[in-house]
Each structure stands twice: as structure tokens, then as C-alpha cells.
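**Student:** Sharing a structure with you now.
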Amino acid sequence: MHIKTRITLEYHDKNQAKIASESLNPDNMGFVKTKLEDNKLICKIQGESLRTILATADDLLFSEITVENIEKLSRSQLKKPPSSK
């Protein structure tokens, strides 16, 4: 059986989508095909086993959550005034 799935990740703007794409690509090479469309990252996964598809999707989403958390942390750090010593 051949299984295909598509996951669309939507961001606030094109730049965030590009950063996510570049951050996720090294881990996904050979497993997930990605394409940028405006502020969206389209991820396509194909395989012969539902177990493999689910594991790949789980890895992708876990990695994306990590990218999102790092981006939020970076934004909050940029907003803080420099500490005085």
C-alpha cells in the first residue's frame, strides 16, 4: 500500500515560514518534501507503511514545535532591555 499525506504549517509571515523551512530541512532530507507558499510551509510525506508515515509526521511536528519555541524565545529576548551591571 502506498500512503501519502500533506501537512500545511502556517506562519505569521513569509520570513517565519522560511526560517522554519531552513531549520527543518536538515532533519527531513529524504523523508519529507517541503515547499514554501507565501507564509505557509507545505510538507509532503510518502511511504509504504502507515507506521512509518505516522512516525515521520510525529518527528516533523515535534521538530516544528522546537523551532517555534526557539523563535518565541528569540523574540522575547530581543524585547528585553539590556541588563545593567
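**Student:** Run I53 past the list (1) in contact (Cβ under 8 Å) with a residue 24 or more places away in the chain; (2) surrounded by fewer than 13 Cβ atoms within 10 Å (Cβ to Cβ); (3) hydrophobic (A, V, I, L, M, F, W, C) and report the number of the one that doesn't hold.
**Tutor:** (2)
**Student:** Turning to a different aspect of this structure: Return yes when I65 is out of contact with any Phe, Trp or Tyr (no Cβ under 6 Å at 6 or more places or on another chain) and surrounded by 13 or more Cβ atoms within 10 Å (Cβ to Cβ) and no when it is not.
**Tutor:** Taking the combined requirement at face value, the residue does not satisfy it.
**Student:** Could you list all residues from region 20-50 that are touching a residue at least 12 places away in the same chain (Cβ under 8 Å) and not in a strand (DSSP E or B)?
**Tutor:** A20, S21, S23, L24, D27, N28, F31, D38, N39, E48, S49, L50
No lab work stands behind these numbers, since they all come straight from the coordinates. Predicted model, so just to flag it, every value in this text is computed and none were measured. Cβ sites come from the backbone with ideal geometry, for glycine too, and all protein chains shown count toward neighbours.
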